[in-house]
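Since the structure comes first, as structure tokens, the remarks are kept for the end.
The values are calculated or read from the model by the stated rules, or taken from the named source; none is laboratory data. Only a predicted model underlies this, so the values are computations on that prediction, with no experimental measurement involved. Glycine also receives a Cβ, built like all others from the backbone with ideal geometry; neighbour counts cover every protein chain displayed. When the accessible area is computed, the model is the full protein with side chains, heavy atoms only, and any ligands, DNA or RNA have been set aside. Shrake-Rupley method; radii C 1.70, N 1.55, O 1.52, S 1.80 Å.
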Amino acid sequence: MKYSFLLILSVLTFSAFGQKTVPDVNISTLKGETVNLQDYAKNGKITVISFWATWCSPCKKELDAIADLYPEWQEEYDVELLAITIDTQRALAKVPGMVESKGWEYTILSDKNQDLQKSLNFQTVPQTFILDKDGNIVYDHAGYTPGDEYELEDKIKELAGK
């Protein structure tokens, strides 16, 4: 009964305020250092979080497409993109080489135990979230179709008030 009440209360809170923040979950840098996602969420910038994996072709296509636009997004909208791989420990060794060969200028983080993925409650990648400057999740999108990066830019532009 207590659990049901808390669940109802959390749903009502989410509905009443219409905002959801990123969970307080630790993830890793590619060097193995532990970081908390909230530190990035509360950086005062519009933050794009893109979950991906080395084995996911649509993920790589999305990050490649965004790479062409990202320098402009940084300059125009003060955006930070976190590319968070869900690759397991075994596949994680491939990530640095792939990132370097692709020339991605993103902050690359690892959710190798899928703790963050579970907290955000999604199953497939690519999965993209946009956080406002206060760290609230204001947009999310699953999958990738060419051109989705422009929809993402429209959302970012709206958040930036431009």
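Whether any residue in region 152-159 is at pLDDT 95 or above and in contact with a Gly (Cβ under 7 Å, 6 or more places away or on another chain) is what I want to check.
There is no residue in region 152-159 that is at pLDDT 95 or above and in contact with a Gly (Cβ under 7 Å, 6 or more places away or on another chain).
Going through LYS42, LYS31, LYS20 one at a time, which residue ends up being at pLDDT 50 or above and in contact with a Phe, Trp or Tyr (Cβ under 8 Å, 6 or more places away or on another chain)?
Of the residues listed, the single one that is at pLDDT 50 or above and in contact with a Phe, Trp or Tyr (Cβ under 8 Å, 6 or more places away or on another chain) is LYS20.
For the structure I just gave you, tell me whether ASP24 is in contact with a strand residue (DSSP E or B) (Cβ under 8 Å, 6 or more places away or on another chain), on the phi > 0 side of the Ramachandran plot, surrounded by fewer than 17 Cβ atoms within 10 Å (Cβ to Cβ) and not hydroxyl-bearing (Ser, Thr, Tyr).
Answer is no for this residue.
Between LYS112, LYS102, which is modelled with pLDDT under 95 and in contact with a helix residue (DSSP H, G or I) (Cβ under 9 Å, 6 or more places away or on another chain)?
Being modelled with pLDDT under 95 and in contact with a helix residue (DSSP H, G or I) (Cβ under 9 Å, 6 or more places away or on another chain) holds for just one of LYS112, LYS102, which is LYS112.
Can you tell me which residues in region 61-93 are within 14 Å of the chain's Cα centre (by Cα) and not polar (S, T, N, Q)? Full working, then the answer.
Of the residues in region 61-93, the ones within 14 Å of the chain's Cα centre (by Cα) are 62-63, 66, 79-86.
Result: GLU62, LEU63, ILE66, VAL79, GLU80, LEU81, LEU82, ALA83, ILE84, ILE86.
Counting only residues that are assigned to a loop (DSSP other than H, G, I, E, B), acidic (Asp, Glu) and either touching a helix residue (DSSP H, G or I) at 6+ places or on another chain (Cβ under 9 Å) or closer than 12 Å to VAL125 by Cα (or both), how many does region 28-86 have?
1
Pairs only if they're at least six apart or on different chains, beta carbon under 6 angstrom, first in region 37-66 and more than 23 Å from ASN26 (Cα to Cα), second open to solvent by 10 Å² or more (accessible area, probe 1.4 Å) and part of a helix (DSSP H, G or I); list them, first residue then second.
ALA65/GLU149; ILE66/GLU149
I'd like the residue in region 51-96 that is among the small types (Gly, Ala, Ser) and modelled with pLDDT under 95 and, out of all such residues, is most open to solvent (accessible area, probe 1.4 Å). Spell out the reasoning first.
The initial filter retains those residues of region 51-96 that are among the small types (Gly, Ala, Ser), namely 53, 57, 65, 67, 83, 91, 93.
Next, from what is left, pick out any that are modelled with pLDDT under 95: 91, 93.
Working: ALA91: 20, ALA93: 85 Å².
Step by step, filter region 51-96, then rank; the result is ALA93.
Which count do you get for residues in region 117-131 that are open to solvent by less than 20 Å² (accessible area, probe 1.4 Å) and either modelled with pLDDT of 95 or more or outside any helix (DSSP H, G or I) (or both)?
7
All but one of (1) touching a Lys or Arg at 6+ places or on another chain (Cβ under 9 Å); (2) over 21 Å from ASP39 (Cβ atoms); (3) open to solvent by 50 Å² or more (accessible area, probe 1.4 Å); (4) not in a loop (DSSP other than H, G, I, E, B) hold for PRO146, so report the exception by its number.
It fails just one condition, (4).
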